[in-house]
Structures are given as C-alpha cells and as structure tokens.
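**Student:** If you scroll down you'll find the structure; I have some questions about it.
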Amino acid sequence: MDVVDLRDFYRTRLGQTAQRLIRRRIREIWPDLRGERLLGLGYAVPYLRPFVDEAESVIAFMPAGQGVMAWPARGPNRVALVDETHLPLQDASVSRVLMAHAVENSESYRRMLHEAWRVLEGNGRLMIVVPNRSGVWARTDRTPFGHGHPFSVSQLGRLLSETQFIPKQQHRALFIPPLELKVLLAAAPAWERLGCKWLTTFGGVIVIEASKQLYRPIQDGNRQRAAGIGAGIRAGARPAAGFSNADRLGHSKP
C-alpha cells in the first residue's frame, strides 16, 4: 500500500474515525510532549498533527518503498523520503519515535527498529501502532490495517526485546467493525468504551510504548562461557610469592 492509498483512506469517514480513536489512545500514553523532539516513521502524519504546536520539533520520515508527499498542507514541509534502515539522523538526536503503518509493511523491520534505537536518546520512548492479529481489521484488505503483517502482543513484545527495547505499556483501539456505515461511525466512542472494558483482545490495532535497553543482556552461551572462565580463574588462583593464604585473607601471622 503506497502513500496515496494511505492518504485517501484517511480522507474517508472511516479513516477519520480511526484517526480520532487512535489519536486518543496515543494521547493517553503521551499526554504532554512539551520540549520533546518527535520523529514519525512510516505513515505517521495522521497522528502527528496534535504535537506540532506542542513539541520542540516534529518531523516525519516516509520509507522509500511507500512513497512520500508533503506535510502539513500549510507551513514548512516536515517530511522526507528515507531508507528506513539508514535514517539520516545523528545518534541520540530525538526523544520520541512514533511508528505507524511502518513495522507491518517493512521487509526490514528489525533493521528499522535498530535504527530507531540508534536515533533515540537514552531515556527516549518508542511507540508503535500495528494491526492486531486477533482483530477484525486485520482480516479485511479494505483498509490499510488489513495489509502487511499483523502482530499479537506477545509477538510484538518479543520483537521489541530482540531489538533492544523494553515494552512499558500496551493498549488496543478500533473496536468498531471496519465498515463505513454512518450509524456505526456515530457510535464509535461507545464501541471503544465497551471494547476497552470487555473485549480488549479484539481491538483492531495494538498501541505499544517501549523504552531503550541501554545494556545488552548476557546471552545463555555467553553466560556459560563467563561462568567457565570464572571457574578457571578460581581454580588456577594461587597466592603471590611471599604471601600465605592467611596473608591473602587479610590475616597476619602472630
């Protein structure tokens, strides 16, 4: 699905409803971005608008395979076409990254997440919006959320851990069926309240926030090698010449 298809979807009544519902969930997680430097990656522009006048800076990168169009409609352009596996930013240069229509549509999503890790500052936050494997929206290709590779919460959590992120919180959104019926769209807020309370498994999208893992954990193989090295050091340790075991333990001869 290219950038024109995505733009056209968000111009429909169903797309505008989806935008409002997902924006609300994003705002619950990020209620205040004053002083933050925000990067949108994928087709995140429908969710960036509320932060333009609040954050210190807001920019959007669209992957080359998706295509690009200028945004916003008024004011200086904030969008660039990029290779999502080589972002044109310095290390630790942004404090927030919001990915939408990105992970599920990329053939190199692990490398893209590694790049997001690189450009995030140490206490930065990543948020990802992806289609929920258990949701109705992933089962029809009439919307962008039915394209690409949907995820379950457990799959997304493993992916984040593999790319040196720590999942912090996750929510779901889009509990209405993906149908452009006026009466259904008018009742969307009620569907969301009901779904968030009783039907969380079936939300159309997962919205997950993660922080950077600053220290790589020791893998099992490395842990075993380290244990072996430590055992060898202990087994081969001998007091230095001129020192007895008592001296080594901090005792002196009477």
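**Student:** Cβ contacts < 6 Å: first residue under 17 Å from GLY148 (Cβ atoms), restricted to the range 39-65; second residue acidic (Asp, Glu) and surrounded by fewer than 22 Cβ atoms within 10 Å (Cβ to Cβ), any location; separation 6+ or different chain. Result?
**Tutor:** Here the result reads ALA64/ASP83, each pair linking the range 39-65 to a residue that is acidic (Asp, Glu) and surrounded by fewer than 22 Cβ atoms within 10 Å (Cβ to Cβ).
**Student:** Looking at (1) open to solvent by less than 10 Å² (accessible area, probe 1.4 Å); (2) touching a His at 6+ places or on another chain (Cβ under 9 Å); (3) outside any helix (DSSP H, G or I), which is the one condition that is false for ASP141?
**Tutor:** So ASP141 meets the others, but not (1).
**Student:** Please enumerate the residues belonging to the range 131-178 that are small (Gly, Ala, Ser) and either more than 26 Å from GLY15 (Cβ to Cβ) or over 14 Å from the mean Cα position of the chain (by Cα) (or both).
**Tutor:** SER134, GLY135, ALA138, GLY146, GLY148, SER154, GLY157, SER161, ALA173 - these are the residues of the range 131-178 that are small (Gly, Ala, Ser) and either more than 26 Å from GLY15 (Cβ to Cβ) or over 14 Å from the mean Cα position of the chain (by Cα) (or both).
**Student:** Can you go through ARG118, ARG96, ARG111, ARG125 and tell me which one is more than 17 Å from PRO46 (Cβ to Cβ), among the charged types (D, E, K, R) and either in contact with a Lys or Arg (Cβ under 8 Å, 6 or more places away or on another chain) or at pLDDT below 95 (or both)?
**Tutor:** Details: ARG118 fails: either in contact with a Lys or Arg (Cβ under 8 Å, 6 or more places away or on another chain) or at pLDDT below 95 (or both); ARG96 fails: more than 17 Å from PRO46 (Cβ to Cβ); ARG111 fails: either in contact with a Lys or Arg (Cβ under 8 Å, 6 or more places away or on another chain) or at pLDDT below 95 (or both).
Checking each option against the conditions leaves just ARG125.
**Student:** Give me the pairs: first residue in the range 8-36 and closer than 28 Å to GLU56 by Cα, second residue among the charged types (D, E, K, R) and surrounded by 18 or more Cβ atoms within 10 Å (Cβ to Cβ), beta-carbon distance under 6 Å, and six or more apart or on different chains, which are they?
**Tutor:** Note: pairs meeting the criteria are LEU21/GLU192; ILE29/GLU209; GLU36/ARG96.
**Student:** Are any residues in the range 88-97 open to solvent by 10 Å² or more (accessible area, probe 1.4 Å) and either assigned to a helix (DSSP H, G or I) or at negative phi (or both), and if so, which ones? Don't jump to the end; show me each part of the working.
**Tutor:** As a first pass, look at the range 88-97 and keep what is open to solvent by 10 Å² or more (accessible area, probe 1.4 Å): 88-93, 96.
PRO88, LEU89, GLN90, ASP91, SER93, ARG96 - these are the residues of the range 88-97 that are open to solvent by 10 Å² or more (accessible area, probe 1.4 Å) and either assigned to a helix (DSSP H, G or I) or at negative phi (or both).
**Student:** Here are GLN164, GLN170, GLN213, GLN155: which of them is open to solvent by 60 Å² or more (accessible area, probe 1.4 Å), under 22 Å from LEU98 (Cα atoms) and of a type in the set (S, T, N, Q)?
**Tutor:** GLN170
**Student:** Of the residues ARG49, ARG118, ARG23, ARG110, which is among the basic types (Lys, Arg) and in contact with a Phe, Trp or Tyr (Cβ under 8 Å, 6 or more places away or on another chain)?
**Tutor:** ARG23
**Student:** Taking the range 170-210, which residues are touching a residue at least 24 places away in the same chain (Cβ under 8 Å) and over 19 Å from ARG20 (Cα atoms)?
**Tutor:** Selection gives LEU199, THR201, ALA210.
**Student:** Looking only at residues that are surrounded by fewer than 20 Cβ atoms within 10 Å (Cβ to Cβ) and polar (S, T, N, Q) in the range 113-138, which one is nearest to GLN16 (Cα to Cα)?
**Tutor:** SER134
**Student:** Another question, then. What do you reckon, is ILE176 closer than 21 Å to ARG27 by Cα, open to solvent by less than 60 Å² (accessible area, probe 1.4 Å) and β-branched (Val, Ile, Thr)? Before you say what the answer is, go through the steps one by one.
**Tutor:** Working: closer than 21 Å to ARG27 by Cα: yes; open to solvent by less than 60 Å² (accessible area, probe 1.4 Å): yes; β-branched (Val, Ile, Thr): yes.
Considered against the rule, which asks whether it is closer than 21 Å to ARG27 by Cα, open to solvent by less than 60 Å² (accessible area, probe 1.4 Å) and β-branched (Val, Ile, Thr), ILE176 comes out as yes.
**Student:** In the range 48-81, what residues are assigned to a helix (DSSP H, G or I) and out of contact with any strand residue (DSSP E or B) (no Cβ under 6 Å at 6 or more places or on another chain)?
**Tutor:** ARG49, PRO50
**Student:** Would you check which residues across the range 98-124 are assigned to a helix (DSSP H, G or I) and not β-branched (Val, Ile, Thr) and list them?
**Tutor:** GLU104, ASN105, TYR109, ARG110, ARG111, MET112, LEU113, HIS114, GLU115, ALA116, TRP117, ARG118, listed by residue number.
**Student:** Tell me yes or no: at least one residue of the range 158-169 is modelled with pLDDT of 90 or more and within 17 Å of ILE22 (Cα to Cα).
**Tutor:** yes
**Student:** Find all pairs meeting these conditions: Cβ atoms under 8 angstrom apart; at least six residues apart or on different chains; first residue within the range 151-162 and under 14 Å from PHE202 (Cα atoms); second residue of a type in the set (A, V, I, L, M, F, W, C) and in a helix (DSSP H, G or I).
**Tutor:** Final answer for the pair search is PHE151/VAL103; PHE151/LEU159.
The values are calculated or read from the model by the stated rules, or taken from the named source; none is laboratory data. Everything quoted here is computed from the prediction, not taken from an experiment. Virtual Cβ from ideal backbone geometry, glycine too; neighbours counted across all protein chains shown. Remember, those area values only see protein heavy atoms, side chains included, never the ligands or the DNA or RNA. Shrake-Rupley method; radii C 1.70, N 1.55, O 1.52, S 1.80 Å.
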